[in-house]
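Colleague: Dropping a structure here in structure tokens format, bear with me for questions.
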2 protein chains.
Amino acid sequence: MADTAIKPTRQENYPEWYQEVIKAADLAENSPVRGCMVIKPWGYAVWEAMQRDLDDRFKATGHVNAYFPLLIPLSFLEQEAEHVEGFAKECAVVTHHRLKANSEGKLVPDPASALEEPLVIRPTSETIIGHMYAKWVQSYRDLPILMNQWANVMRWEMRTRLFLRTAEFLWQEGHTVHATAQEAVDETLKMLDVYADFAETVMAMPVIKGMKTPDERFPGAVDTYTIEALMQDRKALQAGTSHFLGQNFAKASGIKFLNPKGEQEIAWTTSWGVSTRLIGGLIMTHSDDDGLVLPPRLAPEHVRILPIYKNDQERAAILEACDRLAKDLRATTYAGAPIRVKIDDRDLRGGEKSWQAIKQGVPLRVEMGPRDLAQGSVFVGRRDQGHKDKKSFAAATFAQEAVGVLTEIQSQLLKKATAHRDQNTVEIESLKDFESFFADEHGGGFARVAWSKGAIGHETLARLKVTPRCIPLGSTVEPGAKCIFTGAPAEATVLFAKSY
Amino acid sequence: MADTAIKPTRQENYPEWYQEVIKAADLAENSPVRGCMVIKPWGYAVWEAMQRDLDDRFKATGHVNAYFPLLIPLSFLEQEAEHVEGFAKECAVVTHHRLKANSEGKLVPDPASALEEPLVIRPTSETIIGHMYAKWVQSYRDLPILMNQWANVMRWEMRTRLFLRTAEFLWQEGHTVHATAQEAVDETLKMLDVYADFAETVMAMPVIKGMKTPDERFPGAVDTYTIEALMQDRKALQAGTSHFLGQNFAKASGIKFLNPKGEQEIAWTTSWGVSTRLIGGLIMTHSDDDGLVLPPRLAPEHVRILPIYKNDQERAAILEACDRLAKDLRATTYAGAPIRVKIDDRDLRGGEKSWQAIKQGVPLRVEMGPRDLAQGSVFVGRRDQGHKDKKSFAAATFAQEAVGVLTEIQSQLLKKATAHRDQNTVEIESLKDFESFFADEHGGGFARVAWSKGAIGHETLARLKVTPRCIPLGSTVEPGAKCIFTGAPAEATVLFAKSY
């Protein structure tokens, strides 16, 4: 049996491996509230790193943050027909505002406190934000509105999985209003680019940008754009979406403006979001059978220093040298900020500490023992290499060299994930090949297929549990190509996959 | 009539002035959901500045962030008797998880989706976090646990006021677990110090640190500590609290650990929080009859540059000079980060732009017109001085000088607020003097009074709407002093005030 820190391995049982990686890295766990997770400090620190980077990108593209109410009146949900159909089925509904003790002394909702109009916990905020925007927008001078909110949302899910699908999750939702359709489309695509660049340069997770087919659109959107990544089990993950909402929500909410000619027009809106689901994608893109692998750009610690000593005298000298090294590292800039370092001076066995750093995905482990101290060196393990595959560096120059090593790890992770994705992306020209490509219970990969709208709802797709992920941006249709499902002339090239 | 940007003035109608300052600065507004506010971009940027500074302080004192569920099962609330009494009366209760259309096509909670056990939206998270801690703590080696969460919470309030009292609000809640009572008390007081230092050095809002009298404690706490500030209308604002929870919540949640001798002990816990209410305190501490006044440490913009020109030719030259100045300012460090600058190049009258900067509380307004450009100077208005009281600076050296001016504004605001507080703090030795001190409808100030527990519930207090704010830390009782309410031997010196 393989000597791995995580059991089962990816090969043996991918879904269980995923749960075990989360447990071993102490990222999150289930709570007593059905479908709601607790995000533990190591997982939350990864989310904070994501937030900080995304927030900077949103602000650099002219957006400002705001905060809108958690609760949405039922009547708001009813305003947009497709939207209510898409979201009303899975909402937490607030019906009372007070508890009281019943005759047995148990707390129950006080019937006298029943709300006239029930409220739902936001599954997404188009309707409540649209209501406010309708008040704020009068003239073309008030446009564009470019706002984002960081918030929790809730969708009652029957089958949940940590990070990937939870009833409550954390996300950001951008909501913008524009004077013209073109401006709104440009915004939608600009934010898709922001997400794609973040995914590739920060998460080291390659993505395909594309437009959703009609059956996979956000309820109420004219067009939904998506970034799609391929996990190690060859299933796809929708990692972020950006919606061109046309005038649908503006009509429902009454967002109108006077144009320069003094005529009233209906505005054009967009919305776009990514969530804590990204952490699930991060785990499944890079982690291995020894646990979490974090790209340096998102690692809460870049370097964990592991002091090694046998007695108190050694301890003092070693810890002093570790402190010096930590200080050097913190004085060094990686990706625009000081290198993040922790000295693990807990009273535990060295092997246990080293394995914990591995399972938590810390990019660099630095061992410093009496021999290293005498030689002025440190012994360094990289998380993207084998755990025994360590290399000696001069302690005096390690801080400077660390920047290069972290940069290399970041780029290697992207390269490896991209190779995996490309190796598992195929062009498929017949339904038979399609069937055999996806016959494998786990994954299969990305299949590029000539498609027509008539393929929506095709029985093969439901049976194989394969869905259209997107029409990749820039993809074209071969002249004369036929839809592999219907035989009709192809309307687009669609990327298909099994998905999370 | 006074020529003020805000009407009514503080003198004329303080509560209305408060609402108008918020409106004029575009900080927040009421939403269609009862008691829930929308925090608009300028208000949210102030909150982000507060968050960033507090979060750094929490991390510097060894705390890590995590995230716990929004919803709490009813049975959890019942675990701690005083806690349920204090919080169960004002909760949003989730009873269903699905909506459906009724016979008239209206959305209603689907009766088939009724929850077996209703859930409440967290009014505070001691119980759900305690439940998780009980799972995580086994041994003294697992202690202390030092966690914080940034979250939204909800308390159903009948009378709400923007920032000061809203049904939903944003806050942070720290929750820690310790092996000994002493350690927990030390933590409680350490975080009180963090809050007090933040209030004074960042918000420029002086506070009195103290312990709450028993009637004002957090439901379930052994001791509640508080920071209390005095607003300009001489009413107090409780700005933050830190609770020593003893073993009450640890018993209720079952947080136990094996000590080094292998014996089982019950742990000791604390909790502490500040919220968006701080923004209300900030407004009422510094703002004047021209609108919001922001201490530079929390201003989303330190400097707003106002270009002045008459034609396109002037415009190009002026905007170029403004860009140069903005670049210089951004290259300059104030309070550990680059100076935040915005050039207001909107096509509006100069007076309108200048007044907007004043009403929004921007610390420095910098006018740059053709004459300034010719002379190599800029014309600078300080928000803490009269709006006509402007001063010329050399453009080339202004960036460096701005740091000193911002530092001086920050310290002047604290000095002014401290003088106001001290001028309105008195020692009171008789019930008669107490009555006349608080006879004024608005405020009165802080009254230091010899007090005994028997005074709790005294009719004078209810009638005057005066409450004990705290027993100031370090305060003593004069030998032989008598409680002014009961005549019994005094047990403490208590600070009384009307309050928000």
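Colleague: Filter the stretch A:38-47 down to residues that are part of a helix (DSSP H, G or I) and in contact (Cβ under 8 Å) with a residue 12 or more places away in the chain and give me whichever is farthest from the other protein chains (Cβ to nearest Cβ). Give the derivation first.
Modeller: Within the stretch A:38-47, the subset part of a helix (DSSP H, G or I) is A:41-47.
Now restrict to residues that are in contact (Cβ under 8 Å) with a residue 12 or more places away in the chain: A:41-43, A:45-47.
Values: A:Pro41: 4, A:Trp42: 9, A:Gly43: 8, A:Ala45: 7, A:Val46: 11, A:Trp47: 8 Å.
Out of the qualifying residues, it is A:Val46.
Colleague: Might you check whether a residue that is crowded, with 22+ Cβ neighbours inside 10 Å, at pLDDT 95 or above and assigned to a strand (DSSP E or B) occurs anywhere in the stretch A:16-37?
Modeller: Within the stretch A:16-37, one or more residues are crowded, with 22+ Cβ neighbours inside 10 Å, at pLDDT 95 or above and assigned to a strand (DSSP E or B).
Colleague: Going by the conditions given, is A:Glu90 facing chain B (nearest Cβ under 7 Å) and either under 22 Å from the mean Cα position of the chain (by Cα) or among the β-branched types (Val, Ile, Thr) (or both)? Quick ask: steps written out before the conclusion?
Modeller: On the way: facing chain B (nearest Cβ under 7 Å): yes; either under 22 Å from the mean Cα position of the chain (by Cα) or among the β-branched types (Val, Ile, Thr) (or both): yes.
Spelling it out, A:Glu90 is indeed facing chain B (nearest Cβ under 7 Å) and either under 22 Å from the mean Cα position of the chain (by Cα) or among the β-branched types (Val, Ile, Thr) (or both).
Colleague: Determine the pairs where a residue that is over 19 Å from A:Ile39 (Cβ atoms) and within 12 Å of chain A (Cβ to nearest Cβ), located within the stretch B:49-66, has a partner that is among the small types (Gly, Ala, Ser) and surrounded by 12 or more Cβ atoms within 10 Å (Cβ to Cβ) with Cβ atoms under 8 Å apart, the partner being 6 or more residues away or on another chain.
Modeller: So the pair list comes out as B:Ala49/B:Ala299.
Matching residues to (1) in contact (Cβ under 8 Å) with a residue 12 or more places away in the chain; (2) buried (at least 24 other Cβ atoms within 10 Å of the Cβ):
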{"position": "A:Leu245", "(1), (2)": "yes, yes"}
{"position": "A:Lys261", "(1), (2)": "no, no"}
{"position": "A:Trp272", "(1), (2)": "yes, yes"}
{"position": "A:Arg277", "(1), (2)": "yes, no"}
{"position": "A:Gly280", "(1), (2)": "yes, yes"}
{"position": "A:Asp288", "(1), (2)": "yes, no"}
{"position": "A:Leu292", "(1), (2)": "yes, yes"}
{"position": "A:Asp323", "(1), (2)": "yes, no"}
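Colleague: Let me ask something else about it. Somewhere in the stretch A:161-171, is a residue more than 10 Å from every other protein chain (Cβ to nearest Cβ) and of a type in the set (Val, Ile, Thr)?
Modeller: The answer is no, given that none of the residues of the stretch A:161-171 is more than 10 Å from every other protein chain (Cβ to nearest Cβ) and of a type in the set (Val, Ile, Thr).
Colleague: Another question about this same structure. Just checking, which of A:Val108, A:Val153 is β-branched (Val, Ile, Thr), at the interface with chain B (Cβ under 10 Å from one of its Cβ atoms), touching a Lys or Arg at 6+ places or on another chain (Cβ under 6 Å) and surrounded by fewer than 23 Cβ atoms within 10 Å (Cβ to Cβ)?
Modeller: Values: A:Val108 fails: touching a Lys or Arg at 6+ places or on another chain (Cβ under 6 Å).
Sole residue among the options that is β-branched (Val, Ile, Thr), at the interface with chain B (Cβ under 10 Å from one of its Cβ atoms), touching a Lys or Arg at 6+ places or on another chain (Cβ under 6 Å) and surrounded by fewer than 23 Cβ atoms within 10 Å (Cβ to Cβ): A:Val153.
Colleague: OK, next. Give the residues of the stretch A:296-318 that are in contact with a strand residue (DSSP E or B) (Cβ under 6 Å, 6 or more places away or on another chain) and either assigned to a helix (DSSP H, G or I) or within 30 Å of A:Gln51 (Cα to Cα) (or both), sorted by residue number.
Modeller: A:Glu301, A:Val303, A:Arg304, A:Ile305, A:Leu306, A:Ile318
Colleague: If you don't mind, another one. Residues that are assigned to a strand (DSSP E or B) and in contact with a strand residue (DSSP E or B) (Cβ under 8 Å, 6 or more places away or on another chain): does the stretch A:279-295 have at least one? Before the answer, list the steps.
Modeller: Quick first cut of the stretch A:279-295, residues assigned to a strand (DSSP E or B) only: A:288, A:291.
Those left that are additionally in contact with a strand residue (DSSP E or B) (Cβ under 8 Å, 6 or more places away or on another chain): none.
Checked the stretch A:279-295: no residue is assigned to a strand (DSSP E or B) and in contact with a strand residue (DSSP E or B) (Cβ under 8 Å, 6 or more places away or on another chain).
Colleague: Before we move on, is B:Phe446 among the aromatic types (Phe, Trp, Tyr) and under 21 Å from the mean Cα position of the chain (by Cα)? If you could, list the steps in order and put the result at the bottom.
Modeller: On the way: among the aromatic types (Phe, Trp, Tyr): yes; under 21 Å from the mean Cα position of the chain (by Cα): yes.
Against the criterion (among the aromatic types (Phe, Trp, Tyr) and under 21 Å from the mean Cα position of the chain (by Cα)), B:Phe446 qualifies.
Colleague: Given (1) surrounded by 20 or more Cβ atoms within 10 Å (Cβ to Cβ); (2) in contact with a helix residue (DSSP H, G or I) (Cβ under 8 Å, 6 or more places away or on another chain), where does A:Lys40 come up short, assuming only one miss?
Modeller: Going through the list (1) surrounded by 20 or more Cβ atoms within 10 Å (Cβ to Cβ); (2) in contact with a helix residue (DSSP H, G or I) (Cβ under 8 Å, 6 or more places away or on another chain), A:Lys40 breaks only (2).
Colleague: Any chance you could count how many residues in the stretch B:85-105 are closer than 15 Å to A:Asp110 by Cα, surrounded by fewer than 21 Cβ atoms within 10 Å (Cβ to Cβ) and modelled with pLDDT under 90?
Modeller: 3
Colleague: Give, as residue ranges, the strands (runs of 3 or more DSSP E) completely inside the stretch B:368-433 that count at least 3 residues that are surrounded by fewer than 16 Cβ atoms within 10 Å (Cβ to Cβ) and free of Cβ contacts under 8 Å to residues at least 24 places away in the same chain. Talk me through it step by step, then tell me what you get.
Modeller: Working: elements: B:377-382, B:391-394, B:425-428.
In the stretch B:368-433, B:391-394 are the strands (runs of 3 or more DSSP E) which contain 3 or more residues that are surrounded by fewer than 16 Cβ atoms within 10 Å (Cβ to Cβ) and free of Cβ contacts under 8 Å to residues at least 24 places away in the same chain.
Colleague: Say whether the condition of being within 7 Å of chain A (Cβ to nearest Cβ), among the β-branched types (Val, Ile, Thr) and outside any loop (DSSP other than H, G, I, E, B) is met by at least one residue in the stretch B:95-102. Explain how you work it out, then say what you get.
Modeller: First, pick out the residues of the stretch B:95-102 that are within 7 Å of chain A (Cβ to nearest Cβ): B:95-99.
Among the residues that remain, those that are also among the β-branched types (Val, Ile, Thr) are: B:95.
If we keep only those that are outside any loop (DSSP other than H, G, I, E, B) as well, we get B:95.
Within the stretch B:95-102 (the criterion being within 7 Å of chain A (Cβ to nearest Cβ), among the β-branched types (Val, Ile, Thr) and outside any loop (DSSP other than H, G, I, E, B)), the answer is yes, since at least one residue qualifies.
Colleague: Can you name every residue in the stretch B:54-82 that is in a helix (DSSP H, G or I) and more than 23 Å from the chain's Cα centre (by Cα)?
Modeller: Of the stretch B:54-82, the ones in a helix (DSSP H, G or I) are B:54-60, B:74-77, B:81-82.
The answer is B:Leu74, B:Ser75, B:Phe76, B:Leu77, B:Ala81, B:Glu82.
Colleague: Quick test of your reading of the structure: B:Lys7 fulfils all but one of (1) outside any helix (DSSP H, G or I); (2) within 10 Å of chain A (Cβ to nearest Cβ). Name the failing condition by number.
Modeller: Here B:Lys7 meets the rest and fails (2).
Colleague: Could you list, ordered by first residue, the pairs with Cβ atoms under 8 Å in which the first is in the stretch A:345-361 and touching a residue at least 40 places away in the same chain (Cβ under 8 Å) and under 14 Å from A:Ile22 (Cα atoms) and the second is hydroxyl-bearing (Ser, Thr, Tyr) and not in a helix (DSSP H, G or I), at least 6 apart or interchain?
Modeller: A:Gly361/A:Ser287
Colleague: Does A:Pro118 satisfy the criteria of being farther than 20 Å from A:Asn248 by Cβ, facing chain B (nearest Cβ under 8 Å) and not in a strand (DSSP E or B)? So that I can check it myself, show each step before the final result.
Modeller: Working: farther than 20 Å from A:Asn248 by Cβ: yes; facing chain B (nearest Cβ under 8 Å): yes; not in a strand (DSSP E or B): no.
Spelling it out, it is not the case that A:Pro118 is farther than 20 Å from A:Asn248 by Cβ, facing chain B (nearest Cβ under 8 Å) and not in a strand (DSSP E or B).
The values are calculated or read from the model by the stated rules, or taken from the named source; none is laboratory data. Bear in mind that the values here come from a model prediction, so they are computed numbers and not experimental data. Cβ: placed from backbone, ideal geometry, glycine included. Neighbour counts: every protein chain shown.
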